[in-house]
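Notes for the one structure printed next.
The values are calculated or read from the model by the stated rules, or taken from the named source; none is laboratory data. Not measured: the values here are computed from a predicted model. Cβ coordinates were reconstructed from backbone atoms using ideal geometry, including for glycine residues, and neighbour counts include every protein chain displayed.
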Amino acid sequence: MVHELRKVGTRMSLRAAAAILIPLLLAACASEAPIETPAMYVDIATPGARLDPVAAASMISQYRGNNGLPAVAVDAELMRLAEAQSQAMAAQNKLDHDVRAPLAKRFAGAGYAAYLQQIERIYADIRQLLKPEARVVLEVANLKDEHGITTLAWDVARAISNVLVFEGEVVIGWDSYGYGYDHSYCLVFRNPAGEG
């Protein structure tokens, strides 16, 4: 009889151990990974916050896709330039295009031709939203400083003319405009008939 009681006691001990261990093992297997906050809800207004360029491009591309436009891609060189400019403005606590260096100098040093290609791509996208014969007016100026002249207005006009028809310019005089000039240009472009 004692032998039988030991068998029953051992079986009960094994059952009790199994009843405790099995739920613990299952609980360990079922633990969930921490849930990350979606990129669009991350607060980037806090010190040290970083923008996730891939997530931003994805959100922008989704919006563009919903409006019949092609996706955007992250441009590493433009990201590098934007980050450097952002850091320079933050260091001086000043929102200014020229805080790091004059705009024309930054464009020249960073690939002015690449900048003009980006302008052309942007207006190619805008063209898709325009009705036939719609007009686009862009205000821009040439740039002049101690390093020379950058014919930004003319170069932008040439780039956009690859996707829209250039119709002319309106010269606007200013008391004080900056960038070495007292005037700027309103460049007028047209979306050709039957396109858009």
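Quick check on the stretch 151-188: of everything there that is among the charged types (D, E, K, R) and touching a Phe, Trp or Tyr at 6+ places or on another chain (Cβ under 7 Å), which residue is modelled with the lowest pLDDT?
Top of the filtered list is Asp182.
Only residues that are under 26 Å from the mean Cα position of the chain (by Cα), more than 20 Å from Asp182 (Cβ to Cβ) and not in a strand (DSSP E or B): list them for the stretch 132-147, please.
none
Select from the stretch 67-80 the residues that are more than 16 Å from Gln117 (Cα to Cα) and in a helix (DSSP H, G or I) and list them in ascending order.
Hit for the stretch 67-80 is Arg80, nothing else.
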